[in-house]
Amino acid sequence: MSSVSHVAAGHVEPAIAFAAGPHGPKPRPAFSPRNIMIYGTLLLVSIYYLLPLYVMIVTSLKGMPEIRLGNVFSPPLEITFQPWVKAWAEACTGLNCEGLSRGFWNSVRITVPSVILSIAIASLNGYALANWKFKGADIFFTILIFGAFIPYQVMLYPIVIILREIGLYGSLSGLVIVHSIFGMPILTLLFRNYFTSLPEELFKAARVDGAGFWGIYFRIMLPMSLPIFVVAIILQVTGIWNDFLFGVVYTKPDVYPMTVQLNNIVNSVQGVKEYNVNMAATLLTGLVPLIVYFVSGKLFVRGIAAGAVKG
Amino acid sequence: MATEASPHAVRGFAIEAASRDAVARRPNQLLRNLNAKIAAIPMILTAVFVFFGGTIWTIVYSFTDSKLLPRLKWVGFDQYERLWEQNRWIISIENILIYGALSLVFSLVIGFVLAALMDQKIRFENTFRTIFLYPFALSFIVTGLVWQWILNPEYGIQSVVRSLGWTSFAFDPLYDQDIVIYGILIAGLWQGTGLVMCLMLAGLRGIDEDIWKAARVDGIPMWKTYLLIIIPMMRPVFITTLVLIASGIVRLYDLVVAQTSGGPGIASEVPAKYVYDKMFLGQNLAQGFAASTMMLLSVLVVLIPWAYLEFGGRRRNV
Amino acid sequence: MASVSVRDVSLNFGSVEVLKKLNLDVEQGEFLVLLGPSGCGKSTLLNCIAGLLDVTAGQIFINGKNVTWEEPKDRGIGMVFQSYALYPQMTVEGNLSFGLKNAGMPRDEIAKRIARAAGILQIEPLLKRKPSALSGGQRQRVAIGRALVRDVDVFLFDEPLSNLDAKLRSELRVEIKRLHQRLNNTMIYVTHDQIEAMTLADRIAVMRGGLIQQLDSPHVIYSKPVNRYVAGFIGSPGMNFIDGAIESGAFKAGDAKIPVERYQAQNGGHAGPATFGIRPEHVAHDEQARSMPFSREVDVEIVEPMGSDTLVWSKLGNQSLSFRTDSERYLKVGDKVLIGFDPARASIFDASSENRL
């Protein structure tokens with residue numbers, strides 16, 4: 001095949017004739033060894049990760065006789081929602097048999113104020129540290145960050161004493177305060193890093209315009225910080241809802257959060273274990289953070305990455 | 001105003017006027033710091049009284065013989081001697097060491113391998129990431145309970161494998177003292193490796209793309225590139241992740257409470273559980289304080305060298 | 001036989017056509033520059049030649065061999081990257097030897113090649129250092145060395161000087177030219193900097209939107225640009241463009257009438273809207289202007305002293321015209337200057353197609 005010559009812009013005369021042979025993209029079969037290895041491994045590992053979720057759902061939809069006959073992996077032959085109803089409204093936890101619903105509402109009453117309080121405090125803190133440096137600020141902040149690393153056990157009892165002194169030991173409000181205290185390090189770091197990353201010119205322009213500490217916070221910083229607030233909310237809702245240690249130390253049984261109640265329902269029951277009710281209860285407890293997770297998607301990843309990166 | 005003023009009032013007035021003068025000379029500076037300080041009061045109070053003060057308090061009281069209530073009767077290192085004589089404590093230390101070492105190694109390896117696979121420009125990346133990470137959104141209680149069910153000898157893994165033909169297969173961590181810690185490890189890894197994978201993936205994505213191209217032109221096979229070039233380049237990420245995992249290991253508590261309640265017997269005891277049980281169930285506060293001080297020490301042993309490397313080095317360069 | 005041949009190569013990213021049926025032949029020992037703004041496809045083309053990207057259609061030949069499906073390591077190429085891409089944890093020596101060791105080359109052969117490359121690039125004292133202990137210029141030399149030790153025929157450069165400051169850039173530019181004169185390898189060089197292109201290239205391929213606009217020696221591209229885009233891209237300060245029309249053998253713009261007999265048109269006569277292009281350095285002033293086929297007095301509007309010479313802005317018709325004067329020639333705003341030029345040195349473009357007439 002002879003070459004064609006063009007003079008118009010965009011084409012140049014080829015000097016060699018077009019030869020037969022490989023052309024176009026290199027053929028890469030969909031089932032190459034490389035692909036098989038990659039996707040195969042990922043699929044196998046996915047099974048490991050998905051198994052518990054599957055088991056939870058499947059077990060919670062079976063009746064007890066069916067459970068005794070089969071194993072944890074067999075799908076239900078007859079789907080029943082009875083375990084769910086029982087877990088929610090009738091399961092017994094030592095003192096009463098009102099089900100998990102009480103723990104659920106306790107958790108809600110704990111989580112909502114804790115999230116609001118801890119984020120309010122930490123965002124102001126981070127804002128103060130980022131833009132209004134004052135003497136000693138860094139020392140306190142360093143202690144705060146260290147506090148995030150040291151085991152909570154070493155601070156458990158002093159807090160019991162403090163709460164007893166102000167009369168909040170064993171109550172919901174006491175637990176809210178505890179969560180706000182322990183949420184401070186990571187959240188303050190999160191907010192401080194975020195506010196430092198905002199352009200300083202914005203802040204300076206506002207100062208020149210005469211705005212003060214609170215004015216700048218409410219009118220400039222807050223409106224610009226929606227993404228980081230969402231990340232903080234996700235972090236806190238998940239962390240506080242899933243907490244167990246503080247729940248079991250600082251509350252009395254009638255205000256136990258859902259996680260504590262769940263553990264009591266499953267592990268403290270003598271006699272016949274109702275596995276389906278247990279799994280339904282477990283699933284219910286995990287539902288709220290799971291929903292938060294699936295809805296928030298990429299923001300969740302950003303949150304834990306931000307929380308995990310040290311300043 | 002023709003009112004007669006008393007000498008006190010006059011002096012008070014003068015002092016007030018003078019201080020107002022001082023404030024008027026530099027109003028912005030004082031006020032500015034004041035507002036920020038007010039906003040930081042919670043942080044200051046927490047840092048000083050809870051984190052710093054609370055820790056010191058616990059350490060001090062670990063040298064007393066407090067039982068049901070704190071009591072300032074000095075007994076020296078008594079509590080610590082008794083602590084290390086307790087079988088339960090020794091077992092919990094062993095457990096946490098085994099769990100810690102294996103958890104660290106497996107988390108890093110699994111996390112990195114998964115991240116490397118995810119970095120291969122695969123399809124369904126978001127789906128896979130969602131699958132690997134969702135356990136992290138769950139409570140340790142939920143994790144412990146569901147794995148307790150899966151490892152149930154009658155209905156769980158052991159029974160399934162046996163029903164497939166291997167009738168002598170035995171995998172009963174929940175009732176076997178020697179391997180119970182591995183049952184907990186499986187659950188802990190299930191929950192935590194997703195996070196490690198995310199951190200590793202972020203680190204991988206931060207590597208200059210041209211390095212890959214150069215290695216390809218040089219003809220280096222992919223596995224060698226990962227091993228000899230990429231991993232050394234990711235040292236900071238590995239270290240950060242390591243510190244993160246290490247500082248969380250000693251806090252292992254909820255998972256054990258849910259999955260095994262420390263059993264069978266005391267075979268899966270962990271330090272955090274020992275602390276709680278002594279403090280709130282065993283009416284032996286000082287033992288709990290001593291144990292928690294030991295936990296603190298173990299974390300500091302990891303934390304302080306790392307902090308020095310990270311921050312001390314920089315100060316020296318400046 | 002050409003050293004590198006690109007045949008009808010197209011590349012699509014999804015639905016975006018990045019390279020459109022490109023054809024290119026690079027001669028043995030030639031220094032070819034791919035020049036263009038960001039997004040024109042020059043780096044993409046280089047990556048295709050290297051084998052780092054799969055082409056959607058077409059073929060690539062290196063030294064007569066069809067390498068379209070070959071891995072980069074089997075194409076006989078060496079590559080230098082904009083960010084140097086040195087392996088940070090290895091010493092310079094490690095960087096240079098890593099690929100060779102991987103290929104199973106005997107140790108003394110590796111040592112010989114490293115010694116040769118280090119000698120040419122003058123990096124012997126740096127061999128035991130790590131990249132973080134090197135300056136930008138040194139790193140770039142090591143990057144070139146890594147390509148050198150591969151003992152290949154074709155070198156590919158992907159904007160290697162863009163990360164350096166201006167002074168270092170001009171120093172290394174000379175080094176690269178010297179290297180080419182010494183080694184006489186085929187070199188394909190990507191840049192957006194037209195000065196680099198003009199000083200280094202045997203031929204320049206000016207690219208835009210995935211197509212090669214013009215492939216010629218620097219001199220031809222400078223004096224006879226094939227369309228308005230190329231004319232405006234090459235040369236700094238840029239060419240003057242005056243819009244008007246060709247009527248009865250002359251170019252008319254406003255009240256200016258420029259005779260075009262001396263202009264060498266490509267396709268014979270032409271009439272209609274056109275753009276007249278003349279470079280500032282080709283516009284004479286004062287005495288020299290008098291002897292030009294076209295001259296006129298203009299008002300000085302803006303004076304830009306640039307040290308070596310001065311750029312003066314004025315108007316021809318009511319369109320902007322800039323010209324260069326010696327820095328000794330003192331002009332101020334409002335002065336009247338006689339300027340003139342020879343249409344033989346001009347470039348006239350069709351107003352709609354923008355191609356050279």
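As an exercise: evaluate A:Glu201 against (1) free of Cβ contacts under 8 Å to residues at least 40 places away in the same chain; (2) within 13 Å of chain B (Cβ to nearest Cβ) and give the number of the one condition it does not meet. All conditions are met except number (2). Restricting to the range A:47-79, name every residue that is over 27 Å from the mean Cα position of the chain (by Cα) and in contact (Cβ under 8 Å) with a residue 24 or more places away in the chain. Within the range A:47-79, A:Lys62, A:Gly63, A:Met64, A:Ile67 meet the criteria. Each residue in the range C:156-201 was checked for being in contact with a Ser or Thr (Cβ under 7 Å, 6 or more places away or on another chain), surrounded by 21 or more Cβ atoms within 10 Å (Cβ to Cβ) and under 18 Å from C:Asn95 (Cβ atoms), and 1 pass. Picking from residues in the range B:57-86 that are touching a Pro at 6+ places or on another chain (Cβ under 9 Å) and either more than 26 Å from A:Leu144 (Cα to Cα) or of a type in the set (A, V, I, L, M, F, W, C) (or both), the one that is farthest from the other protein chains (Cβ to nearest Cβ) is B:Thr64. Regarding B:Tyr134, is this residue in a helix (DSSP H, G or I) and in contact with a Gly (Cβ under 8 Å, 6 or more places away or on another chain)? Judged against the criteria, B:Tyr134 is a match. Taking the conditions (1) in contact with a helix residue (DSSP H, G or I) (Cβ under 6 Å, 6 or more places away or on another chain); (2) part of a helix (DSSP H, G or I); (3) β-branched (Val, Ile, Thr) in turn, A:Val72 satisfies each one other than (2). In the range B:153-169, the residues that are more than 17 Å from A:Ser74 (Cα to Cα) form Cβ pairs under 9 Å with partners that are surrounded by fewer than 17 Cβ atoms within 10 Å (Cβ to Cβ) and at pLDDT 80 or above, at six or more places apart or across chains, as follows: B:Ser168/B:Arg162; B:Phe169/B:Val161; B:Phe169/B:Arg162. Filtered by the rule that a residue be surrounded by fewer than 19 Cβ atoms within 10 Å (Cβ to Cβ) and either touching a Cys at 6+ places or on another chain (Cβ under 6 Å) or assigned to a helix (DSSP H, G or I) (or both), the range B:118-129 gives B:Glu125, B:Asn126, B:Thr127. Residue pairs whose Cβ atoms lie under 8 Å apart, separated by 6 or more positions or on different chains, with the first residue in the range C:19-46 and free of Cβ contacts under 8 Å to residues at least 12 places away in the same chain and the second of a type in the set (A, V, I, L, M) and surrounded by fewer than 21 Cβ atoms within 10 Å (Cβ to Cβ), do not occur. Considering only the range C:208-221, I want to know if a residue exists there that is of a type in the set (A, V, I, L, M), away from chain A (no Cβ under 14 Å) and in a strand (DSSP E or B). No, the range C:208-221 contains no residue that is of a type in the set (A, V, I, L, M), away from chain A (no Cβ under 14 Å) and in a strand (DSSP E or B).
Number of residues in the range C:84-133 that are part of a loop (DSSP other than H, G, I, E, B) and either within 14 Å of chain B (Cβ to nearest Cβ) or farther than 15 Å from C:Arg150 by Cα (or both): the value is 17. On inspection, B:Leu309 fails the criterion of being out of contact with any strand residue (DSSP E or B) (no Cβ under 7 Å at 6 or more places or on another chain) and within 12 Å of chain A (Cβ to nearest Cβ). Of the residues contained in the range C:137-148, none is found to be surrounded by fewer than 19 Cβ atoms within 10 Å (Cβ to Cβ), within 26 Å of C:Pro72 (Cβ to Cβ) and at pLDDT 90 or above.
For (1) in contact (Cβ under 8 Å) with a residue 24 or more places away in the chain; (2) surrounded by 17 or more Cβ atoms within 10 Å (Cβ to Cβ), each residue gets a yes or a no:
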{"site": "B:Trp223", "(1), (2)": "no, no"}
{"site": "B:Val237", "(1), (2)": "yes, yes"}
{"site": "B:Val275", "(1), (2)": "no, yes"}
{"site": "B:Ala286", "(1), (2)": "yes, yes"}
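At least 3 residues being closer than 30 Å to B:Gln283 by Cα is the threshold, and among the helices (runs of 4 or more DSSP H) wholly inside the range A:198-277 those reaching it are A:226-241, A:245-250, A:258-267.
Residues are listed down the side, and each one gets a yes or a no for (1) out of contact with any Leu (no Cβ under 9 Å at 6 or more places or on another chain); (2) under 29 Å from C:Asn163 (Cα atoms); (3) of a type in the set (Phe, Trp, Tyr); (4) surrounded by fewer than 17 Cβ atoms within 10 Å (Cβ to Cβ):
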position	(1), (2), (3), (4)
C:Asn47	no, yes, no, no
C:Lys73	yes, yes, no, no
C:Ile77	no, yes, no, no
C:Phe81	yes, yes, yes, no
C:Met90	no, yes, no, no
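The single condition among (1) touching a residue at least 24 places away in the same chain (Cβ under 8 Å); (2) exposed (fewer than 15 other Cβ atoms within 10 Å of the Cβ); (3) under 30 Å from B:Asp277 (Cβ atoms); (4) hydrophobic (A, V, I, L, M, F, W, C) that A:Ile161 does not satisfy is (1). Scanning the range B:261-273 for residues that are surrounded by fewer than 19 Cβ atoms within 10 Å (Cβ to Cβ) and at the interface with another protein chain (Cβ under 9 Å from one of its Cβ atoms) gives a single hit, B:Ser261.
Set side by side, the residues C:Gly41, C:Gly78, C:Gly51 differ, and just one is out of contact with any Pro (no Cβ under 8 Å at 6 or more places or on another chain), over 27 Å from C:Ser135 (Cα atoms) and of a type outside the set (Ser, Thr, Tyr), which is C:Gly41.
The values are calculated or read from the model by the stated rules, or taken from the named source; none is laboratory data. Everything numeric in this text was worked out from a predicted model, so none of it was measured. Here the Cβ is made from the backbone with ideal geometry for all residues, glycine too, and neighbour counts use every protein chain on show.
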